[in-house]
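Presented below is the structure to which this report refers.
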Amino acid sequence: MPDPHPPAASPWGRRIAIVATCLASLLVCCGLAWWQWDRFTSANGTFQNLGYVLQWPLFGLFPAFMFWRIRQLRQKAAEAGAETPVDVQPDVPAPRPRPRPDAGPAPTEEDEELAAYNRYLRELNARDEQAAE
């Protein structure tokens, strides 16, 4: 019978994967920034290309920022002694009863203002139809 709890991944392996992901995203985004810089310096370059030159490195740094932020939040939670289980399921509200198809539509009281507006729309539609003929 297989072990239901597989061994935890090495923390060093996970760290290396995180660093590799961050470096890959930074390199790809810096390449895209270089490409936009070439477009900006070309004859048909615009300031939009210059804006992308400034944005792409920030996009490349975003994964590193997120991993850093998640680590900071976990450390604060550990320091505060928060013992919240990771796999907590949210409370699910009770299901609403389904409407019965044989019940028919619920009776509605038509608002007098709404009825007047609907009459006005019918009149406008009739005028449009007469004008189209």
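Data table
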quantity	calculated
Test: residue in region 104-116 that is at negative phi, modelled with pLDDT of 90 or more and out of contact with any Leu (no Cβ under 9 Å at 6 or more places or on another chain)	yes
Residues satisfying the stated conditions in region 38-71, i.e. farther than 28 Å from Ile18 by Cα and buried (at least 17 other Cβ atoms within 10 Å of the Cβ)	Phe40, Asn49
Residue list for region 73-103, restricted to those being charged (D, E, K, R) and either assigned to a loop (DSSP other than H, G, I, E, B) or modelled with pLDDT of 80 or more (or both)	Arg74, Lys76, Glu79, Glu83, Asp87, Asp91, Arg96, Arg98, Arg100
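The values are calculated or read from the model by the stated rules, or taken from the named source; none is laboratory data. Remember, predicted model here, so these are calculated numbers, not experimental data. Here Cβ is always computed from backbone atoms with ideal geometry, including for glycine, and neighbour counts include all displayed protein chains.
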